[in-house]
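The values are calculated or read from the model by the stated rules, or taken from the named source; none is laboratory data. Not measured: the values here are computed from a predicted model. Counting neighbours? That spans all protein chains shown, and the Cβs are built from the backbone with ideal geometry, glycine included.
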Amino acid sequence: MITTEAWVLHAGPHSPTPGTLVRESYSFKDIADDEVLAEPIYGCWEANMAHAISRWPVDVCRQRGEERVVLGNAGVVRILRTGGAVDTVREGDLCVLVSVGIWDRYGYPLKILAYDAPGTMGVLAKRIKLHASQVYPISPDTRHALEQWAAFPIRYATAWDNWKVAYGAWRLQMDEKDGGAAHVWAWGGGVSLAELLLAKSYGCHTALIASDDKRIELCRSLGITAIDRRRFPDLSYDEKKFRADLGYRKRYMRSETTFLDLVKEHTGGAGVSIFIDNIGGPVFRATGKALARQGVITTCGWKEGTDLAISRAAECVNRHIHVYTHGARHTHEAVHYAEKHGWLAPAPEQVYAWDDVPDLVRDYADGKVSTYFPIFKVNEL
Ligand SMILES: NC(=O)c1ccc[n+]([C@@H]2O[C@H](COP(=O)([O-])OP(=O)(O)OC[C@H]3O[C@@H](n4cnc5c(N)ncnc54)[C@H](OP(=O)(O)O)[C@@H]3O)[C@@H](O)[C@H]2O)c1
């Protein structure tokens, strides 16, 4: 057995109440022939970690049937030891996580490492056991900081796959002779930012909606149009309230109109060609209205809940395509692209220390973290 120190999430009571991370010792079986033992250097806080702690929309401890779970599926690790059958990485290699726990027969992710994949552990531990396919070496000559690489798994890797499918879907109905470049918009988030940077590299017009000065400034510095969400503060759709509460309906409609006017203004009246919506419920109605004919709504996240109501008739008539993807199949390709083109998160202004992980959990939950890529340190380099 190997024993290490970890921030552990314990299973909660039946009607889910939010959990907390407990710092304690954690033991796991020594590595098998196809596994590696590694020490995480940096981790990146992920929305899925917050979902797991809040036990919403899924309670991962209960779903996995496990009493204790070590979260953390984005980060950079150093290989300490490899199993006898491993020839893809060596002791000392610095690697990004490939955050998949279970793949389907075609290589697409079914369950995510250190989230819903049973028996897996993440970088909120000083030592970690992984399958060899869950690590991919960073070039020893990398031009980029390890903190930037730590943010790559999950958000950038997922963005890579989602963008390829979304853009491909748009191109199924709209080609070069149909007019100018696509207008690609996104509700805020790290995946969205990574995806818009890809869209920009394809020559698309890009816009990101955000409600924080630093995020807005970041967009502008990256050449992405920033749309300030505070200009339409009541854009939070609730079907029941919309029917029953006239005051709410008026406020909502005012915000929706402001938002749709901004869409018109920034797209020359055309509407959005590809809308990245990883939020869902409260914004989905507006997303649909902002979309151009033959437009694509693309999703890999369900930040505000899992279910949506859709008018199938309207979507058919408008020839909207809905794209859904999960995780990444092509992490290796994306890593090489990132190294070559610097397609990585900006270097962080702040790195949370190992001791301060609970502060990070609290700050993130309280909406006090401006960066889309909050980094924490696990071990010294
Ligand atoms: N399936 C997968 O493989 C996969 C992979 C990665 C992420 N995800 C999921 O995708 C979702 C987004 O993750 P992320 O890491 O990109 O995002 P994130 O970094 O967690 O950021 C979320 C952003 O959403 C915006 N937001 C929150 N509530 C909103 C609302 N009601 N209306 C409009 N904007 C709102 C906020 O931006 P502003 O306040 O600045 O507007 C916030 O910064 C999460 O649920 C995550 O779990 C899934």
- Could you give me the residue pairs with C-beta distances under 8 Å whose first residue belongs to region 72-93 and is over 22 Å from Ala114 (Cα atoms), whose second residue is assigned to a strand (DSSP E or B) wherever it lies, and which are 6+ apart or on separate chains? Arg90/Ile79; Arg90/Thr82; Glu91/Ile79; Glu91/Leu80; Glu91/Arg81; Glu91/Thr82; Gly92/Arg78; Gly92/Ile79
- Within the group Asp238, Asp234, Asp245, Asp228, which residue is of a type outside the set (Gly, Ala, Ser) and closer than 24 Å to Val184 by Cβ? Asp228
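One line per residue, one yes/no per condition, for (1) without any contact (Cβ under 8 Å) to a residue 40 or more places away in the chain; (2) within 11 Å of the ligand (Cβ to nearest atom); (3) outside any loop (DSSP other than H, G, I, E, B):
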site	(1), (2), (3)
Val191	no, yes, yes
Glu195	no, yes, yes
Glu217	yes, no, yes
Gly223	yes, no, no
- Query: If a residue has to be within 13 Å of the ligand (Cβ to nearest atom) and more than 14 Å from the chain's Cα centre (by Cα) to count, how many in region 291-312 make the cut?
  - Reply: 2
- Looking across region 130-150 at residues that are in a loop (DSSP other than H, G, I, E, B) and not acidic (Asp, Glu), the single one that is surrounded by the fewest Cβ atoms within 10 Å (Cβ to Cβ) is Pro140
- Considering each residue of region 357-374, count those that are outside any loop (DSSP other than H, G, I, E, B) and more than 15 Å from the chain's Cα centre (by Cα), and give that number. 8
- Under 8 Å by Cβ, and 6 or more places apart or on different chains, what pairs join a residue from region 171-185 that is closer than 20 Å to Ser201 by Cβ with one that is among the polar types (S, T, N, Q) and in a helix (DSSP H, G or I)? His183/Thr267
- Task: Scan region 306-320 for residues that are charged (D, E, K, R) and over 21 Å from Ala270 (Cβ atoms) and jot them down.
- Result: Asp307, Arg312
- Note on the structure: Within region 158-188, residues being within 10 Å of the ligand (Cβ to nearest atom) and out of contact with any strand residue (DSSP E or B) (no Cβ under 8 Å at 6 or more places or on another chain) number 3
- Task: Kindly indicate the residue of region 111-129 that is within 16 Å of the ligand (Cβ to nearest atom) and touching a residue at least 60 places away in the same chain (Cβ under 8 Å) and also surrounded by the most Cβ atoms within 10 Å (Cβ to Cβ) among those meeting that condition.
- Result: Val123
- Task: Kindly list the number of the only condition in (1) in a loop (DSSP other than H, G, I, E, B); (2) at pLDDT 95 or above; (3) not acidic (Asp, Glu) that fails for Ala181.
- Result: (2)
- Query: Of these, Asn278, Asn318, which one is modelled with pLDDT of 95 or more, in contact with a helix residue (DSSP H, G or I) (Cβ under 8 Å, 6 or more places away or on another chain) and farther than 17 Å from Cys204 by Cβ?
  - Reply: Asn278
- Might you check whether a residue that is within 16 Å of the ligand (Cβ to nearest atom) and surrounded by fewer than 14 Cβ atoms within 10 Å (Cβ to Cβ) occurs anywhere in region 320-329? yes
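Within region 343-353, how many residues are more than 13 Å from the ligand (Cβ to nearest atom) and buried (at least 17 other Cβ atoms within 10 Å of the Cβ)?
Total meeting the criteria: 4.
Restricting to region 316-344, name every residue that is in a helix (DSSP H, G or I) and not basic (Lys, Arg).
Cys316, Val317, Thr331, His332, Glu333, Ala334, Val335, His336, Tyr337, Ala338, Glu339, His341
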